[in-house]
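Asker: Once you've had a glance at the structure underneath, I'll fire off some questions.
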Amino acid sequence: MTRWLSRWSLRARLMILLGVAIGPALGVILYSGLEFRERLAGDTRQFALRTATNTSAVYERVVRSISLSLRTFSLAPIVQGKDWAACSAFFAKLLDQFPRYLNLGVVGTDGIIRCSGLPMESPVDVSSREYFRQAMESRGFGGGVYQIGTVTKKASINFGQAVLDGDGRVQGVMFAALDLGWLMQTETVGPLTLPPGASATLIDRQGVVLGRLPDHSDWVGRPLPDAALVQRGSSSSQGLLEWKGKDGTRRLVGFARLGEPASGLYVLVDIPMDLALAEANRALERNLLLLGFLGLFAFAAAWIGGRKFLHEPVALLLENARRVSEGDMKARTGLPHEGAELNRLAKAFDGMTETLEKRAKERLRDQEMIFRSEKLSALGVLMAGAAHEILNPANIAGLHAQRLMRDHPAGSPEQKSGETIWASVQRINAICDGLRRFSRDEKPTQEPIDPAQVIGASLQLLAHKLRLASVRVNWAPEDTWARVLGDKNQLMQVCLNLISNAADAMPGGGVLTVSARLIEEGGEGWWEGRFADTGAGIPPEVLPRIFEPFYTTKPEEKGTGLGLAVSRRIVEGLGGKLWAESVPGEGAAFIIRFPAVRE
């Protein structure tokens, strides 16, 4: 697999990876879409069954209310007394108060209506009506089916209640014709929210539609095709059925049968599954289209951006790598160093070439330093010899100065000249002695030394340089017993370097303040020497690097960048500390600190 991918370009690999990345996204969309469909289908099933059950409970309460009313009416004296004219007048008044009823009345045991709230032109025989037969057979309540009333001439469903005398014998049937229009009103059913394309239908035991919501009055009185499936396919009082209709539409029907005393009436909630799942289908299609659009955009962006952000930077890196391999250490990518992997790679590459270039320069500088070191070593030998040669005539001059001071009386011009010559000879001896000791290549020692004396000797050696640079020296050591363990020659090398650097930092002249004191730090005594100049100071960005080897801000002919690095190494080797402090524009100070010892 790796070998196969290695034949493809970075852009092609990016396209392959992008395709692989889109695959799981497609799977997630399909899975979530199908899961949403299944969840929506489950919610639809629950809604259909719950709505059918709740609606059937509403109609059941209506039927129970009718049953209670009919039982109450059947016990009324006006019904028991069989005064049919008065009975008809009584029920006519009740019809005005209860608009839900199309008619109220009493049927004799022979099936002939004896009492009616609506006037009758001729006797009406209802012995074949279902509600009459059920009431007579059960000696109680009976429910009917859809009918067009003989008296009312309107669609209704009738309910009957057997009228019993004091001995429990059936005297007739009290009936009520219920208005189907009232039965399907919102005030009766309550607010019913159905999804688009869904319907709630009330049917009788014969499968004839008694009412349908939303209002489809053209359905009333027609047999419902699905009703037979419900009645044949279910032995329970409620449930769910799914099938595909003749039009090819998958349908879900939740059904609930009204309980006693209205057995045989059903509420059906019919929901087309395609419409119920339309939201899930639209969401799935929308997500697939969006993924397709984003995928095309991503492929186009990857192909175009791959050239800009992959192909061109990599090609640039390869070209610069070729230049470096040919010895061109100045090759740089020119790419930004902040950002992602290729930018960091460019940063690492540029850093590598900078390091290689720097090391090449350092090798040249090292060669120059070796050459200069050899010159300085030779110069040290010459200086030692020169000091020895200078001392010979200086000693002769000293003898003559002593003779002048001895042979002439005090205060005479000759005696004063002798003193002047003798002082100069003493100074020449001190300078030559310092040069001879400093140039001597001896093994470092660890012995108590007076650092103040070393500083004084160093200032004396560099007095001429300081005078030429117009640098005034303030040297005021405290009168202390302080001694430090170290090597006098090495400490002098450090002091000479710090004093010389201070003079270089004040090219127009200035003041060099050298001080020494004893301090307490960490419960221990320390000797501290401070070399402060009045130059321009050290910039904050330069200060952290001044002790790095070969780092210098001086012109090449005035410094090598090794003085401070060597000085710190010497001080730390003697157990001390060396650091710098500076405020730009207010000069700089170099501080040496050694553990103080008692003699």
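Asker: Spin-label point model (7 Å from Cα, Cβ direction): what's the VAL20 to VAL314 distance in nm?
Answerer: Taking the simple label geometry, VAL20 and VAL314 are separated by 1.5 nm.
Asker: Restrict the search to the range 563-599; then list the trypsin sites (Lys or Arg not before Pro) that DSSP places in a loop and that have at most 12 other Cβ atoms within 10 Å of their Cβ. Walk me through the numbers on the way to the answer.
Answerer: On the way: sites: ARG568, ARG569, LYS577, ARG593, ARG598; in loops: ARG598.
When the trypsin sites (Lys or Arg not before Pro) of the range 563-599 are filtered for loop state and at most 12 Cβ neighbours within 10 Å, ARG598 remain.
Asker: Accessible area per residue of the range 71-158 at 1.4 Å probe, in Å²?
Answerer: On the way: 4460 Å² over 88 residues.
Value returned for the range 71-158: 51 Å² of accessible area per residue.
Asker: Ignoring ligands, DNA and RNA, what percent of the 1.4 Å accessible area of the range 113-230 is carbon and sulfur?
Answerer: Details: 2710 of 5350 Å².
Summing carbon and sulfur atoms, their accessible area is 51 percent of the total for the range 113-230.
Asker: Considering only C-alpha atoms, what is the centroid distance from the range 495-538 to the range 180-202, in Å?
Answerer: One Cα centre to the other: 103 Å.
Asker: Additional query: Provide the solvent-accessible area of MET352, counting protein heavy atoms only and rolling a 1.4 Å probe, rounded to the nearest 10 Å².
Answerer: About 90 Å², ignoring ligands and nucleic acids.
Asker: When ranked by the protection proxy of mean other Cβ atoms within 10 Å per residue, highest first, what sequence do the peptides 484-496, 284-296, 534-546 form?
Answerer: Highest-to-lowest ranking by the protection proxy: 484-496, 534-546, 284-296.
Asker: Also: Applying the Karplus parametrisation 6.51 cos²θ - 1.76 cosθ + 1.60 with θ = phi - 60° to the phi angles of the range 137-147, what ³J(HN,Hα) value in whole Hz is obtained for each residue in order, glycine and proline being reported as x?
Answerer: 5, 8, 6, x, 8, x, x, x, 10, 4, 7
Asker: Students often get this wrong, so check it: of LYS93/LYS153; LYS361/LYS488; LYS361/LYS465; LYS82/LYS154, which have C-alpha atoms separated by over 25 Å? If you can, show how the numbers build up before the last one.
Answerer: Numbers: LYS93/LYS153 20 Å; LYS361/LYS488 35 Å; LYS361/LYS465 31 Å; LYS82/LYS154 27 Å.
Correct reply: LYS361/LYS488; LYS361/LYS465; LYS82/LYS154.
Asker: While we're here: So how far apart, in nm, are the two label points at ASP215 and GLU242 if each is 7 Å from Cα heading toward Cβ?
Answerer: My value for the distance between the label points is 3.4 nm.
Asker: Please list, in order, the residues from the range 17-58 whose amide nitrogen is less than 17 Å from a point placed 7 Å along the Cα→Cβ vector of LEU296.
Answerer: Answer for this model: 19.
Asker: If I take R0 = 45 Å and measure r between the Cβ atoms of ALA283 and ASN343 in this structure, what FRET efficiency does the formula 1/(1 + (r/R0)^6) give, to the nearest 0.05?
Answerer: 0.65
Asker: Express in nm, to one decimal, how much length is gained between SER199 and SER470 on full extension, taking 0.36 nm for each residue of separation and deducting their alpha carbon distance. Intermediate results must be reported in sequence, preceding the final value.
Answerer: Working: separation 271, 0.36 × 271 = 97.56 nm, distance 11.10 nm.
Stretched fully, the SER199-SER470 segment lengthens by 86.5 nm.
Asker: So, one more: How about the range 470-547: which chymotrypsin sites (Phe, Trp or Tyr not before Pro) there are in a DSSP loop, with at most 13 other Cβ atoms within 10 Å of their Cβ? Walk me through the intermediate numbers first.
Answerer: Numbers: sites: TRP475, TRP481, TRP526, TRP527, PHE531, PHE547; in loops: TRP481, PHE547.
Listed in order of number, the matching sites are TRP481.
Asker: Figure the gain on full extension for VAL324 and GLU260 (residue separation times 0.36 nm, minus the Cα-Cα span) and round it to one decimal in nm.
Answerer: 13.1 nm
Asker: How far is the Cα center of the range 398-424 from the Cα center of the range 50-113, in Å?
Answerer: 161 Å
Asker: Once you order the gyration tensor axes a ≥ b ≥ c over the Cα atoms, which shape class does the range 24-181 get: rounded for a/c under 1.5, otherwise prolate or oblate by comparing a/b with b/c?
Answerer: Note, shape of the range 24-181 comes out prolate.
Asker: What is the spin-label model distance, in nm, from LEU543 to SER127 if the labels are put 7 Å beyond Cα along the C-beta direction?
Answerer: 12.6 nm
The values are calculated or read from the model by the stated rules, or taken from the named source; none is laboratory data. Remember, predicted model here, so these are calculated numbers, not experimental data. As a convention, Cβ positions derive from the backbone with ideal geometry for all residues, glycine included, and neighbour counts pool all protein chains shown. All accessible areas refer to the heavy atoms of the entire protein, side chains included, with ligands and DNA or RNA removed. Shrake-Rupley method; radii C 1.70, N 1.55, O 1.52, S 1.80 Å.
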